[in-house]
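No value in this document is a laboratory result; all are computed from the given coordinates. Every value quoted in this text rests on a predicted model; they were computed, and no experiment measured them. Cβ atoms come from the backbone with ideal geometry, glycine included; neighbour counts cover every protein chain shown.
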Amino acid sequence: MDLGSFLQPDLILEDSVLTLTPEIVQTYGLKGLVLDVDETLVPFTVMEVSPELRAWIEKMRQFVDLWLVSNNLSEARIGGIARSLDLPYYLGAGKPSRRKIRSALEQMNLPVHQVGMVGDRLFTDVLAGNRLGMFTVLVEPIVHPGVAVRKHPIRNIEVLISEFLGASIKPKQHRVTKLHKPSDK
Ligand SMILES: [Mg+2]
């Protein structure tokens, strides 16, 4: 498998993680999600969990096992966020290293292809998830509570490099609204 394939998310959301729904995870047969923290769930500048995120976690945990796996080294930040959401976590994961995600997968005790790796970055979250054979989901970074942002220089460079290497990072081609839903009948 070439690097472009390793950088190719299985699903690209056009908005923040808050738009990932139980219907979407069920469509792809997912039983668990490993969630990146910084700018996927909580903006860098914020220590507290937004009411929107809390409501999203409470909804999703009824359908999937949830783990937080962060590259951040701060126990105060990542541990505090995890405890406030009552979720298990690893910090200092060094993604795209697989080690701590693999530990989370072992504790979830689910087949790897039934676990989604959800994050805002291609070279850390998506690359790590694809290296393990997980279902990878790229989301827009969340910079203010509840609001996704589209201008993000490092991420934009990662998108350009990934496309140069052959990955397709165009949300239009992966619009979740195109998924067949029972209500469409
Ligand atoms: Mg992140």
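Miscellaneous remarks
- Within the option set Ser70, Ser16, being of a type in the set (Gly, Ala, Ser) and within 11 Å of Val118 (Cβ to Cβ) holds for one residue only, Ser16.
- Under the condition of being assigned to a helix (DSSP H, G or I) and within 16 Å of the ligand (Cβ to nearest atom), the residues counted in the stretch 1-32 number 2.
- Any hit, the stretch 68-81, residues being away from the ligand (no atom under 16 Å from the Cβ) and closer than 20 Å to Val137 by Cα: no
- Within the set Leu132, Leu91, Leu160, the sole residue that is surrounded by fewer than 24 Cβ atoms within 10 Å (Cβ to Cβ) and over 17 Å from the mean Cα position of the chain (by Cα) turns out to be Leu160.
- All of Val34, Val17 fail the test of being under 12 Å from Ile142 (Cα atoms) and either surrounded by 14 or more Cβ atoms within 10 Å (Cβ to Cβ) or among the charged types (D, E, K, R) (or both), apart from Val17.
- Boolean, Leu127 is within 15 Å of the ligand (Cβ to nearest atom), in a strand (DSSP E or B) and touching a helix residue (DSSP H, G or I) at 6+ places or on another chain (Cβ under 7 Å): no
Listed here are the residues, each with its yes/no results for (1) acidic (Asp, Glu); (2) in contact (Cβ under 8 Å) with a residue 24 or more places away in the chain; (3) away from the ligand (no atom under 16 Å from the Cβ).
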residue: Ser97; (1), (2), (3): no, yes, no
residue: Gln107; (1), (2), (3): no, yes, yes
residue: Asp120; (1), (2), (3): yes, yes, no
residue: Phe123; (1), (2), (3): no, yes, no
residue: Val139; (1), (2), (3): no, yes, no
residue: Pro153; (1), (2), (3): no, no, no
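- Number of residues in the stretch 33-89 that are in contact (Cβ under 8 Å) with a residue 60 or more places away in the chain, in contact with a Lys or Arg (Cβ under 8 Å, 6 or more places away or on another chain) and not in a loop (DSSP other than H, G, I, E, B) equals 0.
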